[in-house]
1. Which of the residues belonging to the stretch A:118-140 are more than 12 Å from A:Glu65 (Cα to Cα), buried (at least 21 other Cβ atoms within 10 Å of the Cβ), more than 9 Å from chain B (Cβ to nearest Cβ) and out of contact with any Phe, Trp or Tyr (no Cβ under 8 Å at 6 or more places or on another chain)?
2. Is the stretch B:24-43 home to any residue that is more than 7 Å from every other protein chain (Cβ to nearest Cβ), more than 30 Å from A:Ala35 (Cβ to Cβ) and touching a helix residue (DSSP H, G or I) at 6+ places or on another chain (Cβ under 9 Å)?
3. Hey, any hits in the stretch B:82-93 for a residue that's farther than 30 Å from A:Cys123 by Cα and either part of a loop (DSSP other than H, G, I, E, B) or touching a Leu at 6+ places or on another chain (Cβ under 7 Å) (or both)?
4. Here is a list of conditions, (1) more than 16 Å from B:Ile58 (Cβ to Cβ); (2) exposed (fewer than 14 other Cβ atoms within 10 Å of the Cβ); (3) touching a Ser or Thr at 6+ places or on another chain (Cβ under 9 Å); (4) among the hydroxyl-bearing types (Ser, Thr, Tyr), and B:Tyr154 meets all of them except one; can you say which number that is?
5. Have a look at A:Ser136, A:Ser36 and point out the one that is farther than 24 Å from B:Lys90 by Cα, touching a strand residue (DSSP E or B) at 6+ places or on another chain (Cβ under 6 Å) and not acidic (Asp, Glu).
6. Kindly check whether there is at least one residue in the stretch B:112-133 that is away from every other protein chain (no Cβ under 14 Å), over 19 Å from B:Val172 (Cα atoms) and open to solvent by less than 80 Å² (accessible area, probe 1.4 Å).
7. State all residues of the stretch A:47-80 that are open to solvent by less than 50 Å² (accessible area, probe 1.4 Å), within 12 Å of chain B (Cβ to nearest Cβ), more than 30 Å from B:Leu140 (Cβ to Cβ) and not in a loop (DSSP other than H, G, I, E, B); if no residue qualifies, say none.
8. Which number in (1) under 18 Å from B:Glu41 (Cα atoms); (2) open to solvent by 20 Å² or more (accessible area, probe 1.4 Å); (3) of a type outside the set (A, V, I, L, M); (4) not in a strand (DSSP E or B) marks the one condition that B:Arg65 misses?
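The values are calculated or read from the model by the stated rules, or taken from the named source; none is laboratory data. Source: prediction; values computed, not measured. Cβ: placed from backbone, ideal geometry, glycine included. Neighbour counts: every protein chain shown. For accessibility, only protein heavy atoms count, side chains too; no ligands or nucleic acids. Shrake-Rupley method; radii C 1.70, N 1.55, O 1.52, S 1.80 Å.
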Amino acid sequence: MQKKFRYILVFLILALIAAYAAWKYTFKESESNVASRKTDITIEAPALVQAFETNEDSANSLYLEKIIQVSGTVGSVSEDSLGYAVYLKDKNSLSGVMCSFDRASFDPSRVEPGSHVIVKGLCTGYLLDVQLNKCSVARQ
Amino acid sequence: MVARTILMIILALPYMAFSQKLVSRNGHIWFYSHTPIEDIEAHNRQVVSILEPATGDIAFNLLIRSFEFRKALMQEHFNENFMESDKYPKSTFEGKITNLDKIDFKKDGTYTAEVAGNLTIHNVTRPLKVTGTIEVRGNLVTARAKFIATPQEYNITIPAVVEKNIAKEIEVTVEMPYSSN
């Protein structure tokens, strides 16, 4: 009888753990996801831009949906209704890296045009610029 | 698609300085789906748009993957199952402002803008007519619009399991801040 009770107890604990894991997985927030995930690739902004300019398909296969830590010079910082966009761009190139930040994960007073930053974010592809989403500043 | 992007860059960048094209590199488009079960919204804050005040030509280009959802899993389903972002990574709109004579880009104010063109989502192109506004404040031009898109019309299949969670009509809101360089 006592043995049976112990089995039931173990089963209940396992079921609770499974339920918690499933709940965590289903409701995990996108934001926490990127900042806490391991960096897949570390690269300089001009090299990342050049990879996409040279061959978009091969760059997509390398960088798309990857967590990228990119270092570059800040061209501009602009605000939108949800947060900020930091545009990493060299003076002599036509395109750059557009990084979008949620309001809570960015302090605009600490990033000025012309300064050097390291940004971590999720690469979603290339239009006029390489796009990074859900960014956070890794180091200044 | 690649050719079109290259064409856009070629058209946009070198001539920007002297032909007064308005460019937005981080425009905001979001959509909202309401059902009794849940409300879902997703935001794309990296929309590229080019507006030519002289001709009224207006174009939008966005990456489907740049839509941010609150839940990561939802974003995954959106890209993998609904939008097939691997096959169709971009969405575009190309059109024209049809009441250009009513808009003075040199004078501050908020103008009603009627736009007609073609919207491509999920590789399906359909005509779209939208009435929005164009706000002129000095050098800053902001275009705003709202319209309804129906997933079914763009061949987007919603699996039966989540059918009740996703609205038949999705409200799309556009907010584009343009600058002339």
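1. Result: A:Val119, A:Lys120.
2. First pass over the stretch B:24-43, keeping only residues more than 7 Å from every other protein chain (Cβ to nearest Cβ): B:24, B:27, B:29-42.
Okay, now just the ones that are also more than 30 Å from A:Ala35 (Cβ to Cβ), so B:35-36.
Then keep just the ones that are touching a helix residue (DSSP H, G or I) at 6+ places or on another chain (Cβ under 9 Å); that gives B:35-36.
Yes, the stretch B:24-43 has at least one match.
3. Within the stretch B:82-93, none of the residues are farther than 30 Å from A:Cys123 by Cα and either part of a loop (DSSP other than H, G, I, E, B) or touching a Leu at 6+ places or on another chain (Cβ under 7 Å) (or both).
4. Of everything listed in (1) more than 16 Å from B:Ile58 (Cβ to Cβ); (2) exposed (fewer than 14 other Cβ atoms within 10 Å of the Cβ); (3) touching a Ser or Thr at 6+ places or on another chain (Cβ under 9 Å); (4) among the hydroxyl-bearing types (Ser, Thr, Tyr), B:Tyr154 misses just condition (2).
5. Working: A:Ser36 fails: touching a strand residue (DSSP E or B) at 6+ places or on another chain (Cβ under 6 Å).
A:Ser136 is the lone residue from the list that is farther than 24 Å from B:Lys90 by Cα, touching a strand residue (DSSP E or B) at 6+ places or on another chain (Cβ under 6 Å) and not acidic (Asp, Glu).
6. No: zero hits.
7. Those that are open to solvent by less than 50 Å² (accessible area, probe 1.4 Å), within 12 Å of chain B (Cβ to nearest Cβ), more than 30 Å from B:Leu140 (Cβ to Cβ) and not in a loop (DSSP other than H, G, I, E, B): A:Glu56, A:Ala59, A:Asn60, A:Tyr63.
8. All conditions are met except number (2).
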